[in-house]
Amino acid sequence: MSVIAWVRDNPLGTLVCFLLVATLTAASWFGVVVWSVAALATGGASVPFQLLFLLLLGAVVVGSALTVASLVGLVYGLLSRAWDAAAAAGREVARGAEAAERRSPLARVVGLSDLTGPVDPRSRAAKVEDRLDRVKARYVEGELSMAEFERRIRDVLGEERVGHGGVSTGADGGHERAREYER
C-alpha cells in the first residue's frame with residue numbers, strides 16, 4: 001500500500017502522525033529558544049554547541065518538513081474522503097431522478113435527471129448514442145416490448161433534437177442494432 005493510499009484511507013492515523021510530529025517539532029523549537037536564552041545569559045560559556053546543532057536539525061530540517069508533509073497529507077485525506085462522499089450522494093440523487101423519470105411523465109418533461117446528474121463533457125451525439133444503447137439493451141433483455149422500444153427511441157431522438165444524421169441508429173431507426181444485441 002502506498003503512502004498516499006494509506007493517508008487517504010486512514011485520516012485518524014494521519015492526524016495522530018501530524019500531532020506527534022508537530023509536538024516534537026514544537027519541542028525542538030522550544031529547545032532552540034531555551035538554548036539561545038541560556039547562551040545569552042551565560043555568555044555561551046557553559047552551553048554545549050552540539051545541543052544547538054541537534055535541536056536545529058530536529059526543528060528545522062526534519063520536524064518542520066515532516067509537520068508540513070503530514071499536514072498536507074491530513075488535508076488531502078480529509079478532502080478526498082469528503083469528495084468521495086459528495087460524489088456518492090450525487091450518484092444517489094441522480095439515480096432517484098432517473099427512477100422518478102421512469103414513473104412520472106412530468107419528471108421526464110422537466111428533465112429531472114439532467115438537472116441532478118453530473119456534468120457530462122461528451123458531445124450531444126455521444127450522449128444520445130449512450131441513451132439509445134441503454135434502451136436497446138433493455139429491449140434485448142426483454143424489459144421492453146417492440147412498441148415501447150420504438151416509442152423510447154423516438155422520445156430520445158426527439159428530446160435531444162438529434163436526427164438520424166447525428167446518431168448512428170441505422171436506416172430502420174435502431175432496429176438493426178437492437179438485433180445485433182440479440183445475436
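The values are calculated or read from the model by the stated rules, or taken from the named source; none is laboratory data. On a predicted model such as this, the values are computed, not experimentally measured, just so you know. When we count neighbours, we look across all protein chains shown, and the Cβ atoms used for this are built from the backbone with ideal geometry, even at glycine.
So here's what we get for this one:
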item: Residue within the stretch 162-179 that is among the charged types (D, E, K, R), at pLDDT 80 or above and either farther than 30 Å from A5 by Cβ or not in a helix (DSSP H, G or I) (or both) present; result: no
item: Residue within the stretch 105-112 that is under 24 Å from L19 (Cβ atoms), among the hydrophobic types (A, V, I, L, M, F, W, C) and either surrounded by 13 or more Cβ atoms within 10 Å (Cβ to Cβ) or in contact with a Ser or Thr (Cβ under 6 Å, 6 or more places away or on another chain) (or both) present; result: no
item: Looking only at the stretch 128-139, and only at residues there that are of a type outside the set (S, T, Y) and buried (at least 17 other Cβ atoms within 10 Å of the Cβ), the one that is farthest from S113 (Cα to Cα); result: K136
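Residue by residue, here is whether (1) modelled with pLDDT of 80 or more; (2) in a helix (DSSP H, G or I); (3) surrounded by 16 or more Cβ atoms within 10 Å (Cβ to Cβ); (4) of a type in the set (S, T, Y) holds:
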position: A27; (1), (2), (3), (4): yes, yes, no, no
position: V37; (1), (2), (3), (4): yes, yes, no, no
position: S46; (1), (2), (3), (4): no, no, no, yes
position: L51; (1), (2), (3), (4): no, yes, no, no
position: L55; (1), (2), (3), (4): no, yes, yes, no
position: V62; (1), (2), (3), (4): no, yes, no, no
